[in-house]
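Next up is a structure, given as structure tokens.
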Amino acid sequence: MTMADVQERTNAPVGRKNGDSAPEAAPGVTRSNTPTVSDTRQSLYAGRTKVYPKEAHGKFRTVKWIVMAVTLGIYYLVPWIRWDRGPYLPDQAVLIDFPARRFYFFFLEIWPQEFYYITGLLVLAALALFLVTSIAGRMWCGYTCPQTVWTDLMIAVERFWQGDRNARLRLDKHPWAFETLWKRGATHLTWLLIAVATGGAWVFYFADAPTLAHQFLTFQAPTVAYLFVGMFTASTYLLGGIAREQVCIYMCPWPRIQGAMFDRDSLLISYRAWRGEPRGPHKAGQSWEGRGDCVDCRQCVAVCPTGIDIRNGPQLECIQCALCIDACDEIMTKVDRPTSLIAYDTVRNLEVGDKGAQPIRLIRPRVILYAVAMVVVGAIMLVALMLRPELEVSVLHDRNPLYVKLSDGGVRNGFTMKLLNKRYEPRAFKISVEGLPAGAKLDLIGHAGGVVPVPPDNLQSVTLYVTLGKQGVKALHDDDTKFAFVITDIADGAKIEHKATFNGPEVEHEH
Amino acid sequence: MAKKHVDPSADVGTTGHEWDGIEELNKPLPKWWLYVFYVTVIWAIGYWILYPAWPLVSGYTKGYLGYSQRERVAEDLAQAKAAQAVYRNKIAASSLTAIEGDPKLLSFALAGGAAAFGDNCAPCHGRGAQGGFGYPNLRDDAWLWGGSLGAIYQTIQHGVRSGDPDAHGNQMPAFGKLGTLKPDQINDVAEYVLSLSGNADEQEAASRGKEIFATNCVACHGPDGKGNQALGAPNLTDELWLYGGNKATVVQTITNGRGGVMPAWTGRLDPATIKELAIYVHSLGGGQ
């Protein structure tokens with residue numbers, strides 16, 4: 001489906017320029033002269049057409065306020081949640097501990113070699129994104145993308161200091177007036193404060209939040225903390241406050257991927273041209289017969305944070321934030337026409353127009369595919385998580401040399417054993433060997449009595465020597481004999497076996 | 001064929017590129033993007049001024065800051081050395097047993113010893129200290145000159161037949177070459193030597209060799225052939241052979257003698273490194 005196709009179907013008038021407007025779209029409905037970005041004639045390089053989004057009111061705006069509060073709340077507050085892990089470990093619920101190489105997430109703790117859990121989470125997130133997109137378009141962009149949320153917040157701040165769209169337009173006409181200057185100054189100052197808070201919250205994910213906050217305020221925090229706060233302050237201020245829709249239109253790759261994810265049954269924010277056209281201002285008492293419901297008030301354009309006209313059909317710039325729905329519904333209520341002239345609708349539905357609404361097909365092959373993939377990945381992760389051992393053993397056989405011949409004709413093999421204790425308490429393990437001929441001797445270097453203590457949530461490396469006497473070597477049938485290390489928890493007697501190989505000289509029967 | 005026309009919905013021209021009915025809009029680049037490019041150009045100029053950048057006929061522009069990666073590496077190395085000095089001074093000043101008793105010093109010494117071993121000892125003794133023909137395996141339990149920490153330290157310091165006045169100097173004479181023993185006597189004594197570890201083929205020759213052994217060999221190897229670490233005489237009754245334990249090799253050894261050389265490391269390496277090496281070698285599994 002191309003934009004041109006949609007254009008033909010919706011048959012909307014194009015290229016409307018400013019100046020062909022009546023002052024009122026309908027009685028009591030002011031007509032906005034907001035130009036769309038594409039209205040401006042463009043050269044090789046286009047200056048930015050500033051967008052002055054008007055405040056919308058309605059259910060989607062309410063939903064967006066709630067989503068903003070929840071997502072920002074999560075971002076700013078999560079590092080302060082405590083989670084008791086006993087005396088040896090940090091009590092921060094979510095913590096990425098680089099120096100200790102651990103990632104804590106509530107009841108979960110991930111070691112570096114278990115990064116596949118994160119990979120699984122990312123795969124799940126990607127699948128969820130595909131699923132949502134194929135059902136209802138750019139929900140992510142419109143509601144939860146950090147760029148959208150922070151831009152929305154920055155616009156709210158701008159509106160608080162400078163007033164709504166018309167007031168801001170007026171201020172921009174007198175850029176050096178005192179009023180403009182102080183209101184802008186206040187706006188930018190507030191933006192910077194938000195940006196600093198954003199950068200500040202970021203670093204708290206990487207260190208104990210209360211400690212770091214104290215260090216940060218007393219200028220004792222590590223330089224890297226200030227560096228990252230600075231970087232995130234700059235990027236929040238620039239991307240959320242200044243660049244805004246430019247990020248979505250020019251920087252983000254996601255809009256380009258969308259095209260492959262929508263289909264004719266995806267619910268996209270659409271202007272129902274079949275109902276709205278032909279559009280035009282509506283005078284009091286005029287009949288609605290023979291004309292569309294669109295009174296061409298351009299309120300949908302005025303509220304649009306990316307400055308486009310949704311009536312031109314699906315566009316790359318549209319982040320599907322649904323604010324035009326709110327704006328249009330408000331007007332439709334005012335002029336006493338049914339709402340939902342702009343609404344979440346499918347291309348299939350738009351095509352048939354008023355010939356009867358099609359049932360919405362949510363269950364489609366791609367939806368099923370994404371859902372099944374999510375369930376499979378989720379199940380794999382869950383099982384992996386439940387089977388996650390609390391003690392991991394790895395044994396590395398000395399390779400240089402593979403074995404050492406001893407003066408009595410015996411043979412010794414060296415091993416490096418690593419014991420990973422994933423419990424939050426210290427443990428001790430007794431190590432023995434099984435499956436070697438009688439007389440096999442095990443020496444633990446530096447651990448008398450064959451007992452290895454492992455600190456809580458930590459790793460202990462130990463050098464082992466397994467020695468077979470001459471008789472033992474003779475009893476071997478092969479030059480590499482399988483045997484097992486048995487690791488027994490002193491406290492509860494739980495046993496783990498770890499397979500290993502005993503190497504010796506090639507079995508020969510001459511002298 | 002490429003045809004250009006103005007796309008009605010976007011109100012800009014197309015580039016004329018079309019794939020399956022999808023046309024590429026000829027959208028202008030945002031100006032700020034152009035400005036970002038200019039900023040990167042200015043950044044590059046600033047970089048040229050501050051940092052080494054342009055190659056010249058001989059040399060290069062050094063840059064205002066005088067930054068040099070080579071110097072940075074040298075500084076980093078010097079810093080690392082300074083940080084190590086604390087431990088190394090301690091090691092140089094401590095006795096071997098004191099070092100072994102201090103876990104921090106011990107792990108530092110082991111790490112340093114492993115590195116020094118790779119640089120200095122591996123060419124002869126092998127990267128894994130497993131030795132080779134004529135070069136002793138340092139992991140097994142047989143030691144020519146003693147396997148205690150002190151004996152290993154002594155050997156590394158002064159070497160073997162190295163010319164150092166304190167070096168281990170005793171040597172196996174070339175009994176055949178010097179004419180001390182006749183070839184058939186050598187055959188007999190070789191059989192006897194092999195019989196000590198239960199590997200003789202000719203029992204008669206071996207019993208004849210016993211007497212020759214008593215006359216010529218016991219001075220160093222001892223009456224029962226168990227060797228003598230003070231003289232560097234190997235134990236002939238065990239299963240380990242530095243030059244090989246088959247008869248031909250034993251005959252060759254008795255005929256031509258043996259005298260491997262190990263350099264003295266005092267003077268080549270600093271005292272702390274030698275101590276680290278001794279501790280490392282002692283830890284390989286054969287230390288006594």
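We did not get these values from a lab; they are worked out from the coordinates using the rules stated. In this text, all values refer to a predicted model and were calculated from it rather than measured experimentally. Ideal geometry is used to build each Cβ from the backbone, glycine not excepted, and the neighbour counts take in all protein chains shown.
Using Cα atoms only, what is the angle between the long axis of helix A:365-386 and the major principal axis of chain A, expressed in degrees (0 to 90) to the nearest 10?
30 degrees
Give the order of B:LYS210, A:LYS59 when sorted by the count of other beta carbons within 10 angstrom, beginning with the fewest.
A:LYS59, B:LYS210
Extending each Cα 7 Å along its Cβ direction at A:VAL451 and B:ASN89, get the distance between those two points in nm, one decimal.
4.0 nm
Give the relative contact order (percent, whole number) for chain B; include only Cα pairs under 8 Å separated by 6+ residues.
Relative contact order for chain B comes out at 21 percent.
Continuing with the same structure: Can you compute the charge dipole magnitude of the stretch B:183-256 about its Cα centre, using +1 on each Lys and Arg Cβ and -1 on each Asp and Glu Cβ, nothing else charged? Give it in debye, rounded to the nearest 20.
In debye, rounded to 20, the stretch B:183-256 gives about 240.
Moving on to the next point. Unpartnered cysteines of chain A (Cβ-Cβ under 4.7 Å counts as a partner)?
Among the cysteines of chain A, those whose Cβ sits 4.7 Å or more from every other are A:CYS141, A:CYS145, A:CYS248, A:CYS252, A:CYS294, A:CYS297, A:CYS304, A:CYS318, A:CYS321, A:CYS328.
Mind putting a number on the dipole of the stretch B:87-147 about its Cα centre? Charges go on the C-beta only, +1 for Lys and Arg and -1 for Asp and Glu, and I need it in Debye to the nearest 20.
That gives a dipole near 200 debye.
Ok, one more. Hey, if you put +1 on the Cβ of every Lys and Arg and -1 on every Asp and Glu Cβ in the protein assembly as shown, which of B:VAL36, B:TRP143, B:GLN84 ends up farthest toward the positive end of that dipole?
B:VAL36
Of chain A, which part is the longest with no GluC sites (Glu not before Pro) in a loop (DSSP not H, G, I, E, B) and with at most 10 other C-beta atoms within 10 angstrom?
Longest run free of exposed loop sites: A:1-288.
Where a Cα-Cα gap under 18 Å defines reach, which aspartates and glutamates qualify for A:LYS482, not counting those fewer than 8 residues away within the same chain?
Reachable aspartates and glutamates: A:ASP398, A:GLU434, A:GLU497, A:GLU506.
Could you tell me the convex hull volume per residue, in Å³, taken over the Cα atoms of the protein assembly as shown?
Hull volume over Cα atoms, normalised by residue count, gives 288 Å³.
Once you place label points 7 Å from the Cα toward the Cβ at A:LEU391 and A:SER461, how far apart are they in nm?
2.1 nm
For chain A, what is the mean residue ellipticity at 222 nm derived from helices alone (per DSSP H run of n ≥ 4: -39500 (n - 2.57); sum divided by total residues; nearest 500 deg cm²/dmol)?
Helix contribution divided over all residues of chain A: -11000 deg cm²/dmol.
Pairs A:LYS355/B:LYS27; A:LYS470/B:LYS182; A:LYS173/B:LYS31: which exceed 32 Å Cα-Cα?
A:LYS355/B:LYS27; A:LYS470/B:LYS182
From the helices alone, meaning DSSP H stretches of at least four residues, give me the mean residue ellipticity at 222 nm for chain B, per-run term -39500 (n - 2.57), in deg cm²/dmol to the nearest 500.
That comes out to -15000 deg cm²/dmol.
With +1 assigned to the C-beta of every Lys and Arg and -1 to the C-beta of every Asp and Glu, and no other charges, what is the dipole magnitude of the protein assembly as shown about the Cα centre in debye, to the nearest 20?
That gives the protein assembly as shown a dipole magnitude of about 3020 debye.
Ok, one more. Within the stretch A:439-511, report the chymotrypsin sites (Phe, Trp or Tyr not before Pro) that DSSP leaves as loop and that have at most 14 other Cβ atoms within 10 Å.
When the chymotrypsin sites (Phe, Trp or Tyr not before Pro) of the stretch A:439-511 are filtered for loop state and at most 14 Cβ neighbours within 10 Å, nothing remains.
Then there is this: I want to check the label-to-label distance for B:ASP224 and B:ALA80. Put each point 7 Å from Cα in the C-beta direction and report it in nm to one decimal.
Those two pseudo-labels are separated by 5.1 nm.
Enter the angle in degrees (range 0 to 90, nearest 10) between the Cα long axis of helix A:323-334 and the first principal axis of the Cα atoms of chain A, meaning the one along which they spread out most.
Helix A:323-334 sits at roughly 30 degrees to that axis.
With unit charges on the beta carbons (Lys and Arg positive, Asp and Glu negative) and the dipole taken about the Cα centre of chain A, which residue among A:GLY353, A:VAL486, A:MET261 sits farthest to the positive side?
Result: A:GLY353, furthest along the dipole toward the positive end.
Using only Cα atoms, locate the centre of the stretch B:81-135 and the centre of the stretch B:206-264, then give the distance between them in Å, rounded to an integer.
After rounding, the separation between the Cα centres reads 31 Å.
Projecting each Cα onto the charge dipole of chain A (Lys/Arg +1, Asp/Glu -1 at the beta carbon, about the Cα centre), which of A:VAL196, A:VAL78, A:VAL372 comes out farthest on the positive side?
Going by the Cα projections, it comes out as A:VAL196.
Quick one: longest stretch of chain B between exposed loop chymotrypsin sites (Phe, Trp or Tyr not before Pro), exposed meaning at most 11 other C-beta atoms within 10 Å and loop per DSSP?
B:134-288
Span-like helices, chain B: DSSP H, alpha-carbon axial extent 27 Å or more, mean Kyte-Doolittle -1.0 or greater, which ones?
Span-like helices, by this rule, are B:31-50, B:69-93.
Can I ask one more? If you rank A:MET381, A:MET251 by fewest surrounding Cβ atoms within 10 Å, what's the result?
Taking fewest neighbouring Cβ atoms as first place, the list is A:MET251, A:MET381.
Around A:HIS282, which amide H atoms from residues at least 5 apart in sequence, or from another chain, sit under 5 Å from its own amide H, with H modelled in the peptide plane?
Amide H to amide H, under 5 Å and 5 or more residues apart or across chains, A:HIS282 pairs with A:ALA26.
Follow-up. Compute the helix-to-body angle for A:178-204: its Cα long axis versus the longest principal axis of chain A, expressed 0 to 90° and rounded to tens.
20 degrees
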